[in-house]
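Asker: Let me give you the structure first, and then I'll get to my questions.
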Amino acid sequence: MDLPQLKKEMANLLDGLPDDADWNDVMYSIYVRQSIEDGLEDSMKGNVVDHSVIKEKFLEKK
């Protein structure tokens, strides 16, 4: 993402926060946004695990 686009996205993120937001709210919003983008990128690259595999793994631990 180029800098002008990043600035637009950041402005949108800040506009979506309540007026009483603090630095922790800003940082959390950035963290969540980045986590979602990382997950989408992994998914597009095929770095995924089938739901049934995860379900089986959790059921084994009970």
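Asker: For the chain, compute Rg over Rh where Rg is the Cα radius of gyration and Rh is the Kirkwood radius from the inverse mean 1/r over Cα pairs.
Answerer: 1.18
Asker: Here is a further query. Choose one of 6, 17, 54: the residue whose Cα lies farthest towards the positive end of the charge dipole of the chain (beta-carbon charges +1 Lys, Arg; -1 Asp, Glu; about the Cα centre).
Answerer: 54
Asker: Let me ask another. What does the charge dipole of the chain about its Cα centre add up to, to the nearest 20 debye, if the Cβ of each Lys and Arg holds +1 and the Cβ of each Asp and Glu holds -1?
Answerer: 400 debye
Asker: A further question on this structure: Enumerate lysine pairs in the chain that are 8 or more residues apart or on different chains, then count those whose Cα atoms are under 28 Å apart.
Answerer: The number of close lysine pairs in the chain is 4.
No lab work stands behind these numbers, since they all come straight from the coordinates. These numbers come from a predicted model, not from an experiment. Cβ atoms come from the backbone with ideal geometry, glycine included; neighbour counts cover every protein chain shown.
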